[in-house]
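The values are calculated or read from the model by the stated rules, or taken from the named source; none is laboratory data. Values in this document were obtained by computation on a predicted structure and should not be read as measured data. As a convention, Cβ positions derive from the backbone with ideal geometry for all residues, glycine included, and neighbour counts pool all protein chains shown.
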Amino acid sequence: MQLPPAAVQALQVLAVLCLAPLVSGAIAHVEARLQGRRGPRILQPYYDLAKLFQKETLAPVGASWWFLAAPVVAFTAFLTVPLLVPVLTDFPLPLGYMGDILGGGLILALGGFSVALAAAETGDPYAQLGSSRAMTFGALIEPSVLFVVFTVALITTTDLPYAMAAVDRSSLAQAIRPAHLLAAVAFFLVVLSDTGRIPVETHASTLEFGMIDEARGFEHSGPALALLKWGSAIKQLVLYVILADVFSAPWGLAGSRDVGPVLLAVPILFAKAFGVGTIFAVIDNTLSKLRLYKITEFMASAFALSAVAVLVLYLGGG
Amino acid sequence: MSFVLVAIMLVPFVAAMASWWAGPRSGAAMTVASGTVTFGLALALVPAVARSQPPGATRASGGAGELGGYAVTALGNWLRADSLSLVFLIATAFLYALTAIFAVGYVSADHDATALYRRRLFAGINLFAWAMAMAPIVDNLGLLWVAIEVTTVVSALLVTIEGTDSAVEAAWKYVLIASLGLGLSLLATAVIYRAGSVVLGNSYELFYPKLLSGAARFPAGTVRLGYLLAVLGFGTKVGLFPVHTWLPDAHSEAPTPVSAMLSGSLLATCFYAILRYYQITERSAGPTFARDVLAGFGVATLLLGALYLASQRDLKRLLAYSSVEHMGVLAIGMSFASPLAIAGVLLHVLAHAAAKGTAFFGAGSVVRKLHTKDLERVRGGIGLLPWSGPMFVAAMFGLSAMPPFGTFRSEFYIVVGGFAPGSHGAERALAAVLVVLVTLAFLGLSWHVTQMMASPGPEDGSSPAKGETSKLMVVAMSVALLALVVLGVHPPHQLDTLIHGAATELGVTR
Amino acid sequence: MIGTLLANVPAAPSAFDGVTEALAVLVLLVVFAMLRQDLLRAQVRMYAFQSLAVSALAGVLAANEHASDLYVLAGLSMVLKVIVVPSVVLRLLGEVQVDLAGNRRFGVATAVLAGLAVSVFGFLVIGNVHIAAAGAAGLPVPAMGAAAATVLISFVLVMFRGDVVSQAVGFFSMENGVSVASLVLAARMPLILEVGFLFDLLVAVVAFGIIMRTHHRRSSSLSTETLDQLRG
């Protein structure tokens, strides 16, 4: 039995919506286990969200309507991106042509920007600290993102993430070519920086010396905070999905709109995201955080990798 | 005649080994012997190579095939001396012989020299001369690079034997910059190899006759890249701007005999390497590109040398910048289309070797006498050094291309070649610029020479006693100066033939 | 729908091309890593790793062409550049009690950006020269771009560092770049020449070592900050 396209499309968004906190919880659990602790429950993020939805929202004096709107804007933006990338199916659904990989990146950036703007107008020193750092480092990682997009475009002559995934699946030679490997590693570093992991930021706690993304949510409370947290979990899942389904492991996606493969794709989605997250958890426990001023070295390395990927393709090979 | 080539390959090397093992005294004698023998062998090759019969008539052993010249070959075509290589070989061997004589005198007048210093100096001079003599006579573009790399290593080690802080600094800069440059020229060799493999197949030896005869069919773009890399790479060792920065330091901190060989022979030998690439490029990509590149580098180098000459404080550094200036003149000369200019360039190689040799020998005399290289402190030279003083002044005039010296004749040929009928406006402008800059250099040099030699010494009686410190130094200087004058007044006929033969080989497409 | 989009995808390089280009790019990436590295010992080990990549390249090429002289070259360059040269330099560093980290004149990010700028220049030049594909006995031409970039970045490394060991390592990595380039351009060059080049490298190492040791003995440091007396 074939599902109508609208249903598959909605299922994509719903799957990301519901699985995001689960992925966060699972990764936190794994990380704790690696450190020798028992760790929180896997379903803990759901309980946190439920608790937060019951509390009241407070806004600081002097904050405008944007302060309350920003979490909603971000949440919506992050939920739009699953429409554009291969989440459950390996062929683009009708709304999948709405934007290419560059568009997806722009929408993600819009979400982050709105939260940072809201944090900046609160007047709280920590929130402003976090927002300015986030914008700076976000600007520094953008060239790497652009060059990764260029690499994809040069390899497949299109910008669609679905096309990149299909090319990767088509032959081993395409998968191990140097440009693809370099772009994958560069994008890995981008995801690392965007989701706030070691060595850019400590995900688990808020240290004044190093916190970037964590500080932006200081002034929000209640349902707004719940949307903020949920939004960042969704962003994390979306980035993991792009990393896995576009660059490294584009298998397990449904080839048609039949019920069976589509529903099977959901747990496979979780499994892939969990796999990527475990790698990040291992890195968290292995490396140490970089000093804030050394993060530019990290950004430069990611840029170098993506630039070399483009250069290697320039001479018609690679 | 092939055994002469093999002998040239063996004699300095054997002398180097022997002088290291035998000790300072015999080392000195062996160096002088090896120098004179090598020069004699080089001269012995001249009749076989410099013939005035047109190509197409009977040839000497080996022959040059389609190249249109004569050559002596040995060891199954691995060694080859044609007129071009013979010009540079004679320049090298001449300076080798005279430097050996000078070095004996220089070292005997130095009371601080340890036995280890002497052994190192003489063995080093022999090994250095061996590598410089090998470069023009190997018939292989790759072995040419190997020979020049050996000269870099040996001369860098020679620069350090003085043992001062500034000597170590100079040696480090020299070996680093020169090695980087030679890395680029290794890349150039590989690029030319690739260009050649289109015509000659995937695996072949880089022999000159094969390369030059097939060069017309090499892909032009690849050859241009190789030529540019070669000029930049070997140009580091020639002292072309902007990669000349090691030159003043290394030439001033080395012991004076080594400085003479560095300035007089090594720069020219590396220019010879560029000329081989020039030959390939002009057959493949046309002469215009090759000439333009040399013109650009040449004028920048000449400008730099002329400007820096006036502000020098150190005697040997002054002479080093003069070498830079002369290398600029060589490059500009090669960029002119007239065969007369090329003949001037080749004559200039010989004349510059003689003039630079005399000048450095004179500087050595001054240093031995006054124990300083500082130009501010050298005064009253003519009074103190009755023989070397005036000869030093003459050498400086020689370096400024004054008549009756050989450098005047050679630079005159170059300038006339620039203004020859059929030359276009850019060449004439370049020739005019050359004259202006050489005059500027002359002003700088003569200012310093007058200060050093003609102004009265300090009156307080602190100047050393009058008289030469070593007779051998004077002998070396006078022979070099005599050669310079002979080249200017009446170059021997065979030498003329040799130079014209080499100019023809270089200017095939004119 | 995807099918029509994918109709124009250019073909991937063959397995041989892909592996060799990956190795050449690895050589390039090691130079970038050297730009970042402050510790001298780590730089030398990176050079050893880079030489291993170059020897592997020669070995892959030898296996593809069934050329025994390339095997010899690969083996020789492995012994010389992976084992001998790094141990000579590490031994010199072992004698030095101070100076474990080098001097740098500009920050890492600036150095990486400068390296990227020169790499782009290198790739553009190689792209414009259209190296003749003469019977394709050798590495594919895109590897030449990586080699040219390696040479240029090594120059940047030499310029941006203020200590003798880093500058020497910069020179050695430039030689590695030239080796990769010669594997592209002149892979079937007669063995005698290749051996000559390798032994020249060894002799150059000896010269570098002697001068480094002399400098260290005189000034008890490996920094080049004192080497600025000769000017003008």
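A few comments on the model shown:
- Failed item, numbered, when A:Pro82 is tested on (1) over 26 Å from A:Asp168 (Cβ atoms); (2) in contact (Cβ under 8 Å) with a residue 40 or more places away in the chain: (1)
- Scan of region A:173-198 for residues that are more than 9 Å from chain C (Cβ to nearest Cβ), surrounded by fewer than 23 Cβ atoms within 10 Å (Cβ to Cβ) and closer than 18 Å to C:Val30 by Cβ, ordered by number: A:Val185, A:Leu189
- Subset tally (residues that are touching a Leu at 6+ places or on another chain (Cβ under 6 Å) and of a type in the set (Lys, Arg)) for region B:144-203: 1
- Out of A:Phe137, A:Phe147, sole residue that is under 17 Å from the mean Cα position of the chain (by Cα) and touching a residue at least 40 places away in the same chain (Cβ under 8 Å): A:Phe137
- Of the helices (runs of 4 or more DSSP H) that lie entirely inside region B:272-386, those containing 2 or more residues that are in contact with a helix residue (DSSP H, G or I) (Cβ under 9 Å, 6 or more places away or on another chain) and crowded, with 24+ Cβ neighbours inside 10 Å span B:287-309, B:315-334, B:339-370.
- Any hit, region A:138-148, residues being at the interface with chain C (Cβ under 9 Å from one of its Cβ atoms) and under 12 Å from A:Leu305 (Cβ atoms): no
- Selection within region B:201-228: residues that are of a type outside the set (D, E, K, R), at the interface with chain C (Cβ under 10 Å from one of its Cβ atoms) and within 15 Å of B:Leu144 (Cβ to Cβ). The member of this set that is surrounded by the most Cβ atoms within 10 Å (Cβ to Cβ) is B:Gly226.
- Lone qualifier among A:Leu269, A:Leu227, A:Leu237 - being closer than 17 Å to A:Ser114 by Cα and modelled with pLDDT of 90 or more: A:Leu227
- Conditions (1) hydroxyl-bearing (Ser, Thr, Tyr); (2) surrounded by 14 or more Cβ atoms within 10 Å (Cβ to Cβ); (3) within 25 Å of B:Arg313 (Cα to Cα); number of the one not met by B:Thr450: (2)
- Tabulated pairs, region C:107-131, first more than 10 Å from chain A (Cβ to nearest Cβ) and at positive phi, second surrounded by fewer than 19 Cβ atoms within 10 Å (Cβ to Cβ) and modelled with pLDDT of 90 or more, C-beta under 9 angstrom, 6+ apart or interchain: none
For (1) more than 21 Å from the chain's Cα centre (by Cα); (2) not aromatic (Phe, Trp, Tyr), each residue gets a yes or a no:
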| position | (1), (2) |
| --- | --- |
| B:Ile125 | no, yes |
| B:Ala135 | no, yes |
| B:Asn140 | no, yes |
| B:Trp145 | no, no |
| B:Val154 | no, yes |
| B:Gly181 | no, yes |
| B:Ala195 | yes, yes |
| B:Tyr208 | yes, no |
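- A single member of A:Pro45, A:Pro60 is buried (at least 20 other Cβ atoms within 10 Å of the Cβ) and at negative phi, and it is A:Pro45.
- Complete set of residues in region B:401-426 that are assigned to a loop (DSSP other than H, G, I, E, B) and crowded, with 24+ Cβ neighbours inside 10 Å: B:Ala401, B:Phe405
- Among the candidates B:Thr160, B:Thr164, the residue that is in contact with a helix residue (DSSP H, G or I) (Cβ under 9 Å, 6 or more places away or on another chain), within 11 Å of chain C (Cβ to nearest Cβ) and farther than 29 Å from B:Leu232 by Cα is uniquely B:Thr164.
- Any chance A:Ser64 is among the polar types (S, T, N, Q), free of Cβ contacts under 8 Å to residues at least 24 places away in the same chain and over 29 Å from A:Pro261 (Cβ atoms): no
- Some residue of region B:234-241 being at pLDDT 90 or above and part of a loop (DSSP other than H, G, I, E, B): yes
- A count restricted to region A:236-253 and to residues that are surrounded by 23 or more Cβ atoms within 10 Å (Cβ to Cβ) and over 19 Å from A:Gly96 (Cβ atoms) stands at 1.
- Residue count for region C:37-72 under the criterion of being part of a helix (DSSP H, G or I), of a type outside the set (Gly, Ala, Ser) and over 15 Å from the mean Cα position of the chain (by Cα): the result is 10.
- A:Leu58 fulfils the conditions (1) part of a loop (DSSP other than H, G, I, E, B); (2) aliphatic (A, V, I, L, M); (3) touching a Lys or Arg at 6+ places or on another chain (Cβ under 9 Å) except for a single criterion, (3).
- Hey, B:Gly389 in contact with a Gly (Cβ under 6 Å, 6 or more places away or on another chain) and either in a loop (DSSP other than H, G, I, E, B) or surrounded by fewer than 24 Cβ atoms within 10 Å (Cβ to Cβ) (or both) or not: yes
- Sole exception among (1) within 12 Å of another protein chain (Cβ to nearest Cβ); (2) in contact with a Pro (Cβ under 8 Å, 6 or more places away or on another chain); (3) crowded, with 24+ Cβ neighbours inside 10 Å for B:Thr269, by number: (1)
- Residue count for region C:177-193, restricted to those that are surrounded by fewer than 24 Cβ atoms within 10 Å (Cβ to Cβ) and either more than 8 Å from chain B (Cβ to nearest Cβ) or part of a helix (DSSP H, G or I) (or both): 3
- Some residue of region B:145-164 being over 27 Å from B:Val14 (Cβ atoms) and surrounded by fewer than 24 Cβ atoms within 10 Å (Cβ to Cβ): yes
- Residue within region B:117-140 that is more than 14 Å from every other protein chain (Cβ to nearest Cβ), of a type in the set (Phe, Trp, Tyr), over 23 Å from B:Ala71 (Cβ atoms) and buried (at least 22 other Cβ atoms within 10 Å of the Cβ) present: yes
- Answer residue from region B:69-104, given it is at pLDDT below 90 and more than 19 Å from B:Ala7 (Cα to Cα) and is surrounded by the most Cβ atoms within 10 Å (Cβ to Cβ) among those: B:Tyr70
- Single residue of A:Ile101, A:Ile141 found to be modelled with pLDDT under 90, under 30 Å from A:Val246 (Cα atoms), surrounded by 16 or more Cβ atoms within 10 Å (Cβ to Cβ) and touching a helix residue (DSSP H, G or I) at 6+ places or on another chain (Cβ under 9 Å): A:Ile101
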